[in-house]
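Data block below; observations after.
The values are calculated or read from the model by the stated rules, or taken from the named source; none is laboratory data. Being a predicted model, the structure only gives us computed values, none of them experimental. Heads up, the Cβs are rebuilt from the backbone with ideal geometry, glycines too, and the neighbour counts pull from every protein chain shown. Please note that ligands, DNA and RNA were not included when accessible areas were found on the heavy atoms of the full protein model with its side chains. Shrake-Rupley method; radii C 1.70, N 1.55, O 1.52, S 1.80 Å.
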Amino acid sequence: PQRTYIFTFLLSSRVFIHPHELLAKVGQICIKQKQQLEAGTEAEKAKLKSFAAKIIQLLKEWTETFPYDFQDEKSMKELKEIAHRITQCDEENGTVKKIISQMIQNLLMALSARSQYQEIREKFRQPVTDKGTILKTKPQSTQKDILSVCCDPLILAQQLTYIELERVSNIYPEDLMQIVNHMDSLDNHKCRVDVTKTYNLEAYDNWFNCLSMLVATEICRVVKKKQRTRVVEFFIDVARECFNIGNFNSMMAIISGMNLSPVARLKKTWSKVKTAKFDVLEHHMDPSSNFCNYRTALQGAAQRSQTANSNREKIVIPVFNLFIKDIYFLHKIHTNRLPNGQINFKKFWEISRQIHDFLTWKQVECPFEKDKKIQSYLLTAPIYSEEALFIASFESEGPENHMEKDSWKTLR
(Lines give C-alpha, C1' and ligand atoms only; values in the text may rest on other atoms or scores of the structure.)
Protein backbone atom coordinates (compact mmCIF):
# COMPACT_ATOMS: atom_id res chain seq x y z
CA PRO A 1 0.00 0.00 0.00
CA GLN A 2 0.96 3.68 -0.20
CA ARG A 3 3.05 5.23 2.56
CA THR A 4 0.09 7.29 3.82
CA TYR A 5 -1.96 4.12 4.25
CA ILE A 6 0.85 2.34 6.14
CA PHE A 7 1.31 5.41 8.35
CA THR A 8 -2.44 5.59 9.14
CA PHE A 9 -2.62 1.88 9.80
CA LEU A 10 0.42 1.78 12.14
CA LEU A 11 -0.68 4.95 13.93
CA SER A 12 -4.27 3.91 14.59
CA SER A 13 -3.65 0.20 15.23
CA ARG A 14 -2.33 1.04 18.72
CA VAL A 15 -5.86 2.01 19.80
CA PHE A 16 -6.86 -1.64 19.39
CA ILE A 17 -3.67 -3.69 19.84
CA HIS A 18 -0.20 -3.29 21.38
CA PRO A 19 2.50 -2.59 18.78
CA HIS A 20 4.49 -5.68 19.90
CA GLU A 21 1.37 -7.86 19.41
CA LEU A 22 0.91 -6.43 15.92
CA LEU A 23 4.56 -7.10 15.14
CA ALA A 24 4.15 -10.71 16.36
CA LYS A 25 1.21 -11.10 13.92
CA VAL A 26 3.41 -9.82 11.09
CA GLY A 27 6.00 -12.40 12.18
CA GLN A 28 3.43 -15.20 12.02
CA ILE A 29 2.32 -14.12 8.52
CA CYS A 30 5.98 -14.16 7.45
CA ILE A 31 6.42 -17.78 8.62
CA LYS A 32 3.21 -18.93 6.88
CA GLN A 33 3.87 -17.09 3.63
CA LYS A 34 7.49 -18.27 3.50
CA GLN A 35 6.49 -21.90 4.06
CA GLN A 36 3.75 -21.72 1.37
CA LEU A 37 6.00 -20.12 -1.24
CA GLU A 38 8.95 -22.41 -0.55
CA ALA A 39 6.74 -25.51 -0.89
CA GLY A 40 5.14 -24.26 -4.13
CA THR A 41 6.16 -24.22 -7.80
CA GLU A 42 9.29 -22.51 -9.17
CA ALA A 43 7.16 -19.46 -10.04
CA GLU A 44 5.97 -19.23 -6.43
CA LYS A 45 9.51 -19.61 -5.12
CA ALA A 46 10.46 -16.64 -7.30
CA LYS A 47 7.78 -14.63 -5.49
CA LEU A 48 9.79 -14.95 -2.25
CA LYS A 49 12.08 -12.08 -3.30
CA SER A 50 9.24 -9.64 -3.93
CA PHE A 51 7.58 -10.77 -0.67
CA ALA A 52 10.85 -10.08 1.18
CA ALA A 53 11.14 -6.63 -0.41
CA LYS A 54 7.62 -5.69 0.72
CA ILE A 55 8.19 -6.82 4.30
CA ILE A 56 11.47 -4.85 4.37
CA GLN A 57 9.60 -1.75 3.16
CA LEU A 58 7.01 -2.16 5.93
CA LEU A 59 9.65 -2.66 8.66
CA LYS A 60 11.73 0.26 7.37
CA GLU A 61 8.76 2.64 7.50
CA TRP A 62 7.68 1.29 10.89
CA THR A 63 11.12 1.68 12.51
CA GLU A 64 11.65 5.16 11.00
CA THR A 65 8.25 6.59 11.89
CA PHE A 66 7.57 4.82 15.20
CA PRO A 67 10.98 3.93 16.65
CA TYR A 68 9.55 3.96 20.17
CA ASP A 69 7.44 0.88 19.36
CA PHE A 70 10.70 -1.10 19.49
CA GLN A 71 12.00 0.10 22.84
CA ASP A 72 11.10 -3.08 24.74
CA GLU A 73 13.03 -6.32 24.39
CA LYS A 74 10.03 -8.30 23.08
CA SER A 75 9.60 -6.02 20.06
CA MET A 76 13.31 -5.85 19.31
CA LYS A 77 13.62 -9.64 19.49
CA GLU A 78 10.60 -10.08 17.19
CA LEU A 79 12.02 -7.53 14.72
CA LYS A 80 15.36 -9.36 14.57
CA GLU A 81 13.64 -12.72 14.06
CA ILE A 82 11.54 -11.37 11.15
CA ALA A 83 14.68 -9.76 9.69
CA HIS A 84 16.52 -13.08 9.90
CA ARG A 85 13.68 -14.92 8.09
CA ILE A 86 13.54 -12.27 5.38
CA THR A 87 17.29 -12.53 4.77
CA GLN A 88 16.82 -16.27 4.15
CA CYS A 89 14.26 -15.51 1.42
CA ASP A 90 16.93 -13.82 -0.68
CA GLU A 91 20.24 -15.12 0.67
CA GLU A 92 22.36 -14.64 -2.44
CA ASN A 93 21.42 -10.94 -2.47
CA GLY A 94 23.88 -9.15 -0.18
CA THR A 95 21.97 -5.84 -0.35
CA VAL A 96 19.03 -7.29 1.65
CA LYS A 97 21.38 -8.05 4.54
CA LYS A 98 22.91 -4.58 4.22
CA ILE A 99 19.51 -2.81 4.22
CA ILE A 100 18.36 -4.75 7.29
CA SER A 101 21.50 -4.12 9.34
CA GLN A 102 21.40 -0.41 8.39
CA MET A 103 17.73 -0.28 9.42
CA ILE A 104 18.46 -1.81 12.86
CA GLN A 105 21.47 0.49 13.34
CA ASN A 106 19.33 3.59 12.55
CA LEU A 107 16.65 2.34 14.93
CA LEU A 108 19.13 1.90 17.80
CA MET A 109 20.49 5.41 17.18
CA ALA A 110 16.96 6.88 17.22
CA LEU A 111 16.14 5.08 20.49
CA SER A 112 19.38 6.17 22.14
CA ALA A 113 18.85 9.83 21.08
CA ARG A 114 15.37 9.71 22.52
CA SER A 115 16.39 8.26 25.87
CA GLN A 116 19.19 10.86 26.16
CA TYR A 117 16.64 13.62 25.62
CA GLN A 118 14.44 12.04 28.29
CA GLU A 119 17.30 12.07 30.83
CA ILE A 120 18.03 15.75 30.15
CA ARG A 121 14.33 16.55 30.32
CA GLU A 122 13.87 14.86 33.69
CA LYS A 123 16.30 17.40 35.20
CA PHE A 124 14.08 20.28 34.12
CA ARG A 125 10.80 18.91 35.36
CA GLN A 126 9.87 21.90 37.48
CA PRO A 127 6.44 23.46 37.67
CA VAL A 128 6.12 27.09 36.62
CA THR A 129 5.67 28.48 40.12
CA ASP A 130 8.92 26.91 41.33
CA LYS A 131 10.78 29.22 39.00
CA GLY A 132 10.50 31.81 41.73
CA THR A 133 7.51 33.31 43.44
CA ILE A 134 8.85 36.80 43.68
CA LEU A 135 6.79 39.33 45.53
CA LYS A 136 7.51 42.64 44.02
CA THR A 137 9.68 45.01 45.94
CA LYS A 138 11.23 47.86 43.97
CA PRO A 139 13.41 46.06 41.39
CA GLN A 140 17.15 46.61 41.79
CA SER A 141 18.79 48.46 38.94
CA THR A 142 21.08 45.46 38.40
CA GLN A 143 18.12 43.16 37.72
CA LYS A 144 17.87 42.32 34.03
CA ASP A 145 14.69 42.76 32.04
CA ILE A 146 13.75 41.58 28.55
CA LEU A 147 14.64 44.89 26.85
CA SER A 148 18.15 44.87 28.31
CA VAL A 149 18.67 41.38 26.87
CA CYS A 150 17.02 41.94 23.46
CA CYS A 151 15.36 45.10 22.17
CA ASP A 152 14.69 43.90 18.60
CA PRO A 153 11.22 42.29 18.27
CA LEU A 154 12.23 40.33 15.16
CA ILE A 155 15.27 38.76 16.87
CA LEU A 156 13.21 37.80 19.93
CA ALA A 157 10.53 36.25 17.67
CA GLN A 158 13.25 34.26 15.88
CA GLN A 159 14.67 32.98 19.19
CA LEU A 160 11.18 31.98 20.35
CA THR A 161 10.74 30.11 17.06
CA TYR A 162 14.06 28.33 17.63
CA ILE A 163 12.85 27.17 21.07
CA GLU A 164 9.47 26.11 19.65
CA LEU A 165 11.03 24.00 16.87
CA GLU A 166 13.41 22.38 19.36
CA ARG A 167 10.50 21.45 21.67
CA VAL A 168 8.25 20.29 18.83
CA SER A 169 10.98 18.01 17.43
CA ASN A 170 10.63 15.87 20.57
CA ILE A 171 6.93 15.16 20.03
CA TYR A 172 6.25 11.95 18.14
CA PRO A 173 3.13 10.64 16.37
CA GLU A 174 2.53 7.99 19.02
CA ASP A 175 2.64 10.72 21.72
CA LEU A 176 -0.23 12.45 19.93
CA MET A 177 -2.12 9.17 19.66
CA GLN A 178 -2.09 9.02 23.47
CA ILE A 179 -4.89 11.61 23.35
CA VAL A 180 -7.07 8.94 21.76
CA ASN A 181 -5.73 6.26 24.11
CA HIS A 182 -6.69 8.41 27.10
CA MET A 183 -10.31 8.20 26.05
CA ASP A 184 -12.68 5.32 26.59
CA SER A 185 -12.55 3.12 23.54
CA LEU A 186 -14.26 -0.18 22.86
CA ASP A 187 -10.93 -1.91 23.33
CA ASN A 188 -9.83 0.18 26.28
CA HIS A 189 -8.80 -2.85 28.32
CA LYS A 190 -6.06 -3.40 25.73
CA CYS A 191 -4.77 0.14 25.94
CA ARG A 192 -2.12 1.41 28.25
CA VAL A 193 -1.22 5.04 28.65
CA ASP A 194 2.51 5.62 28.68
CA VAL A 195 3.33 8.44 31.10
CA THR A 196 6.61 9.26 29.34
CA LYS A 197 4.70 9.89 26.13
CA THR A 198 2.07 12.15 27.64
CA TYR A 199 4.90 13.97 29.41
CA ASN A 200 6.25 15.13 26.02
CA LEU A 201 2.92 16.86 25.45
CA GLU A 202 2.79 18.28 28.99
CA ALA A 203 6.33 19.65 28.72
CA TYR A 204 5.42 21.51 25.54
CA ASP A 205 2.21 22.81 27.07
CA ASN A 206 4.23 23.92 30.10
CA TRP A 207 6.48 26.00 27.82
CA PHE A 208 3.37 27.87 26.53
CA ASN A 209 2.31 28.68 30.12
CA CYS A 210 5.85 29.77 31.06
CA LEU A 211 5.99 32.17 28.11
CA SER A 212 2.57 33.68 28.97
CA MET A 213 3.62 34.19 32.59
CA LEU A 214 7.00 35.62 31.54
CA VAL A 215 5.26 38.23 29.36
CA ALA A 216 2.94 39.20 32.25
CA THR A 217 5.88 39.29 34.70
CA GLU A 218 7.97 41.55 32.43
CA ILE A 219 5.06 44.01 32.13
CA CYS A 220 3.88 44.02 35.77
CA ARG A 221 7.29 44.33 37.38
CA VAL A 222 8.11 47.66 35.68
CA VAL A 223 7.55 50.56 38.09
CA LYS A 224 7.45 53.52 35.65
CA LYS A 225 4.38 53.83 33.42
CA LYS A 226 6.35 55.10 30.40
CA GLN A 227 8.72 52.11 30.53
CA ARG A 228 5.81 49.72 31.11
CA THR A 229 4.05 51.07 27.99
CA ARG A 230 7.25 50.46 26.05
CA VAL A 231 7.40 46.82 27.25
CA VAL A 232 3.74 46.26 26.26
CA GLU A 233 4.37 47.72 22.78
CA PHE A 234 7.54 45.65 22.44
CA PHE A 235 5.64 42.40 23.11
CA ILE A 236 2.92 43.41 20.63
CA ASP A 237 5.67 43.78 17.99
CA VAL A 238 7.20 40.42 18.97
CA ALA A 239 3.80 38.71 18.62
CA ARG A 240 3.38 40.33 15.19
CA GLU A 241 6.79 39.07 14.06
CA CYS A 242 5.87 35.57 15.33
CA PHE A 243 2.71 35.73 13.20
CA ASN A 244 4.72 36.72 10.11
CA ILE A 245 7.16 33.85 10.68
CA GLY A 246 4.30 31.33 11.08
CA ASN A 247 4.96 30.75 14.79
CA PHE A 248 1.35 30.84 16.00
CA ASN A 249 2.06 29.08 19.30
CA SER A 250 4.39 31.80 20.66
CA MET A 251 2.08 34.48 19.31
CA MET A 252 -0.88 32.98 21.18
CA ALA A 253 1.20 32.63 24.39
CA ILE A 254 2.19 36.33 24.24
CA ILE A 255 -1.42 37.44 23.66
CA SER A 256 -2.58 35.17 26.52
CA GLY A 257 0.01 36.77 28.82
CA MET A 258 -1.24 40.25 27.94
CA ASN A 259 -4.84 39.21 28.53
CA LEU A 260 -4.16 37.93 32.06
CA SER A 261 -6.12 40.03 34.59
CA PRO A 262 -3.05 41.62 36.31
CA VAL A 263 -1.93 43.02 32.92
CA ALA A 264 -5.37 43.73 31.43
CA ARG A 265 -6.38 45.87 34.45
CA LEU A 266 -3.50 48.36 33.92
CA LYS A 267 -5.80 50.92 32.28
CA LYS A 268 -3.43 53.91 32.56
CA THR A 269 -0.71 51.92 30.82
CA TRP A 270 -3.00 50.64 28.07
CA SER A 271 -4.32 54.17 27.45
CA LYS A 272 -0.78 55.13 26.32
CA VAL A 273 -0.30 52.05 24.12
CA LYS A 274 -0.87 52.29 20.36
CA THR A 275 -3.38 49.45 20.31
CA ALA A 276 -4.11 49.25 16.55
CA LYS A 277 -1.47 46.48 16.11
CA PHE A 278 -2.77 44.63 19.15
CA ASP A 279 -6.32 44.74 17.78
CA VAL A 280 -5.10 43.06 14.57
CA LEU A 281 -3.47 40.27 16.62
CA GLU A 282 -6.61 39.84 18.73
CA HIS A 283 -8.61 39.59 15.50
CA HIS A 284 -6.38 36.73 14.27
CA MET A 285 -6.83 34.88 17.55
CA ASP A 286 -10.54 35.64 17.99
CA PRO A 287 -12.10 32.43 19.41
CA SER A 288 -15.49 32.96 17.73
CA SER A 289 -16.62 30.46 15.05
CA ASN A 290 -14.10 27.93 16.39
CA PHE A 291 -11.09 30.24 15.82
CA CYS A 292 -12.08 30.74 12.18
CA ASN A 293 -9.60 33.64 11.58
CA TYR A 294 -6.68 31.72 13.06
CA ARG A 295 -7.53 28.63 10.98
CA THR A 296 -7.55 30.72 7.79
CA ALA A 297 -4.12 32.14 8.69
CA LEU A 298 -2.83 28.64 9.53
CA GLN A 299 -4.06 27.35 6.17
CA GLY A 300 -2.27 30.22 4.42
CA ALA A 301 0.97 29.41 6.26
CA ALA A 302 0.60 25.70 5.42
CA GLN A 303 0.15 26.51 1.71
CA ARG A 304 3.16 28.83 1.78
CA SER A 305 5.15 26.04 3.43
CA GLN A 306 4.31 23.53 0.68
CA THR A 307 5.65 25.71 -2.13
CA ALA A 308 8.52 27.28 -0.17
CA ASN A 309 12.12 27.11 -1.33
CA SER A 310 13.70 28.24 1.93
CA ASN A 311 13.37 26.87 5.48
CA ARG A 312 12.42 30.39 6.55
CA GLU A 313 9.17 30.16 4.54
CA LYS A 314 8.49 26.54 5.55
CA ILE A 315 7.89 27.34 9.22
CA VAL A 316 4.43 26.44 10.55
CA ILE A 317 3.99 26.12 14.31
CA PRO A 318 0.28 25.73 15.13
CA VAL A 319 -1.30 26.73 18.44
CA PHE A 320 -0.59 23.43 20.15
CA ASN A 321 -3.51 23.21 22.56
CA LEU A 322 -5.95 23.93 19.70
CA PHE A 323 -4.27 21.24 17.60
CA ILE A 324 -4.67 18.76 20.49
CA LYS A 325 -8.33 19.77 20.96
CA ASP A 326 -9.03 19.12 17.26
CA ILE A 327 -7.72 15.56 17.54
CA TYR A 328 -9.63 15.09 20.78
CA PHE A 329 -12.93 16.21 19.19
CA LEU A 330 -12.37 14.14 16.07
CA HIS A 331 -12.02 11.18 18.39
CA LYS A 332 -15.01 12.13 20.54
CA ILE A 333 -17.43 12.83 17.68
CA HIS A 334 -16.77 9.65 15.67
CA THR A 335 -16.92 6.09 16.96
CA ASN A 336 -13.97 3.70 16.62
CA ARG A 337 -16.20 1.12 14.97
CA LEU A 338 -18.98 1.25 12.39
CA PRO A 339 -22.44 -0.24 13.14
CA ASN A 340 -21.38 -3.43 11.28
CA GLY A 341 -18.47 -3.89 13.74
CA GLN A 342 -15.73 -2.90 11.28
CA ILE A 343 -13.13 -0.31 12.23
CA ASN A 344 -14.08 3.25 11.29
CA PHE A 345 -11.02 3.77 9.11
CA LYS A 346 -12.29 7.11 7.78
CA LYS A 347 -12.03 8.57 11.31
CA PHE A 348 -8.46 7.36 11.78
CA TRP A 349 -7.52 8.50 8.27
CA GLU A 350 -8.56 12.07 9.21
CA ILE A 351 -6.72 11.96 12.58
CA SER A 352 -3.62 10.63 10.87
CA ARG A 353 -3.81 13.33 8.17
CA GLN A 354 -3.69 16.04 10.84
CA ILE A 355 -0.86 14.33 12.72
CA HIS A 356 1.02 13.85 9.43
CA ASP A 357 0.80 17.61 8.73
CA PHE A 358 2.19 18.30 12.20
CA LEU A 359 5.09 15.87 11.58
CA THR A 360 5.90 17.60 8.28
CA TRP A 361 6.05 20.99 10.03
CA LYS A 362 8.14 19.74 12.95
CA GLN A 363 10.85 18.49 10.58
CA VAL A 364 11.68 21.99 9.32
CA GLU A 365 15.24 22.91 10.15
CA CYS A 366 15.41 26.19 12.06
CA PRO A 367 16.94 28.85 9.78
CA PHE A 368 17.86 31.17 12.68
CA GLU A 369 21.14 31.22 14.59
CA LYS A 370 20.85 30.31 18.26
CA ASP A 371 21.47 33.22 20.66
CA LYS A 372 22.40 31.58 23.97
CA LYS A 373 22.04 34.75 26.02
CA ILE A 374 18.48 35.48 24.81
CA GLN A 375 17.39 31.84 25.06
CA SER A 376 18.84 31.48 28.54
CA TYR A 377 16.78 34.50 29.62
CA LEU A 378 13.59 33.21 28.00
CA LEU A 379 13.97 29.79 29.61
CA THR A 380 15.29 30.69 33.07
CA ALA A 381 14.21 34.25 33.93
CA PRO A 382 12.16 34.27 37.15
CA ILE A 383 8.41 34.14 36.65
CA TYR A 384 5.92 35.61 39.12
CA SER A 385 3.14 33.46 40.50
CA GLU A 386 -0.42 34.68 39.87
CA GLU A 387 -0.52 36.20 43.36
CA ALA A 388 2.78 38.01 42.86
CA LEU A 389 1.54 39.34 39.50
CA PHE A 390 -1.51 40.91 41.18
CA ILE A 391 0.65 42.48 43.91
CA ALA A 392 2.99 43.92 41.27
CA SER A 393 0.02 45.14 39.23
CA PHE A 394 -1.64 46.88 42.22
CA GLU A 395 1.65 48.49 43.18
CA SER A 396 2.00 49.86 39.66
CA GLU A 397 -1.60 51.09 39.39
CA GLY A 398 -3.67 51.15 42.59
CA PRO A 399 -6.98 49.28 43.00
CA GLU A 400 -9.89 51.07 41.30
CA ASN A 401 -13.09 49.52 42.69
CA HIS A 402 -14.34 47.72 45.80
CA MET A 403 -13.55 44.29 44.40
CA GLU A 404 -9.96 45.26 43.60
CA LYS A 405 -9.57 46.96 47.00
CA ASP A 406 -10.70 43.76 48.74
CA SER A 407 -8.30 41.68 46.64
CA TRP A 408 -5.45 44.06 47.47
CA LYS A 409 -6.22 43.84 51.19
CA THR A 410 -6.26 40.03 51.08
CA LEU A 411 -3.00 39.92 49.12
CA ARG A 412 -1.24 42.22 51.52
Problem set entry | Pairs with Cβ under 8 Å, 6+ apart, first in the stretch 5-32 and within 16 Å of residue 343 (Cβ to Cβ) and without any contact (Cβ under 8 Å) to a residue 40 or more places away in the chain, second surrounded by fewer than 21 Cβ atoms within 10 Å (Cβ to Cβ) and hydroxyl-bearing (Ser, Thr, Tyr) | 22/13
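For the stretch 82-104, how many residues are out of contact with any Asp or Glu (no Cβ under 6 Å at 6 or more places or on another chain), assigned to a helix (DSSP H, G or I) and more than 25 Å from residue 8 (Cα to Cα)? Give the derivation first.
Keep residues of the stretch 82-104 that are out of contact with any Asp or Glu (no Cβ under 6 Å at 6 or more places or on another chain), which gives 82-95, 97-104.
Next cut, assigned to a helix (DSSP H, G or I) only: 82-89, 94-95, 97-104.
When the remaining residues are screened for being more than 25 Å from residue 8 (Cα to Cα), the result is 84-85, 87-89, 94-95, 97-98, 101.
Residues flagged as out of contact with any Asp or Glu (no Cβ under 6 Å at 6 or more places or on another chain), assigned to a helix (DSSP H, G or I) and more than 25 Å from residue 8 (Cα to Cα) within the stretch 82-104 amount to 10.
Name the one entry in 278, 329 that is of a type in the set (Phe, Trp, Tyr) and more than 24 Å from the chain's Cα centre (by Cα).
Details: 329 fails: more than 24 Å from the chain's Cα centre (by Cα).
After applying the criteria, what remains is 278.
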Exercise. Does the stretch 253-268 contain any residue that is buried (at least 22 other Cβ atoms within 10 Å of the Cβ), under 18 Å from the mean Cα position of the chain (by Cα) and either assigned by the TED database to the domain that holds residue 293 or not basic (Lys, Arg) (or both)?
Worked result: yes
For this session: May I ask you to list the residues in the stretch 247-275 that are closer than 19 Å to residue 404 by Cα and touching a helix residue (DSSP H, G or I) at 6+ places or on another chain (Cβ under 8 Å)?
Result: 258, 260, 261, 262, 263, 264, 265, 266, 268, 269, 270
For this session: Considering only the stretch 44-73, state which residues are touching a His at 6+ places or on another chain (Cβ under 9 Å) and modelled with pLDDT under 90.
Result: 72
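Determine whether the stretch 124-135 contains at least one residue that is modelled with pLDDT under 95, assigned by the TED database to the domain that holds residue 232, hydrophobic (A, V, I, L, M, F, W, C) and under 24 Å from the mean Cα position of the chain (by Cα). Steps first, please.
Pass one, the stretch 124-135, residues modelled with pLDDT under 95: 124-135.
Right, trim to assigned by the TED database to the domain that holds residue 232 and you get none.
Checked against the condition, which is being modelled with pLDDT under 95, assigned by the TED database to the domain that holds residue 232, hydrophobic (A, V, I, L, M, F, W, C) and under 24 Å from the mean Cα position of the chain (by Cα), the stretch 124-135 yields no hits at all.
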Seminar exercise, completed: Reported set for the stretch 296-338 where residues are surrounded by 14 or more Cβ atoms within 10 Å (Cβ to Cβ) and among the aromatic types (Phe, Trp, Tyr) is 320, 323, 328
Seminar exercise, completed: Pairs returned, first residue in the stretch 40-58 that is without any contact (Cβ under 8 Å) to a residue 12 or more places away in the chain, second residue that is open to solvent by less than 60 Å² (accessible area, probe 1.4 Å), beta-carbon separation under 6 angstrom, 6 or more apart or interchain, are 44/37; 47/37
Seminar exercise, completed: Scanning the stretch 361-412 for residues that are farther than 26 Å from residue 208 by Cβ, open to solvent by 50 Å² or more (accessible area, probe 1.4 Å) and in contact with a Lys or Arg (Cβ under 7 Å, 6 or more places away or on another chain) gives 395
Exercise. List the pairs whose first member sits in the stretch 288-312 and is in the same structural domain as residue 244 (by the TED database), whose second member is of a type in the set (D, E, K, R), and whose Cβ atoms are under 6 Å apart, counting only residues at least 6 apart or on separate chains?
Worked result: 293/286; 304/313; 305/314; 308/314; 311/365
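Can you work out which of the residues in the stretch 138-176 that are of a type in the set (S, T, N, Q) and open to solvent by 10 Å² or more (accessible area, probe 1.4 Å) is modelled with the highest pLDDT? Step through it out loud before you land on a result.
Let us first name the residues in the stretch 138-176 that are of a type in the set (S, T, N, Q), namely 140-143, 148, 158-159, 161, 169-170.
Then drop every residue that is not open to solvent by 10 Å² or more (accessible area, probe 1.4 Å), which leaves 140-143, 148, 158, 169-170.
Numbers: 140: 45, 141: 44, 142: 50, 143: 63, 148: 93, 158: 97, 169: 88, 170: 84.
Checked the stretch 138-176; the qualifying residue modelled with the highest pLDDT is 158.
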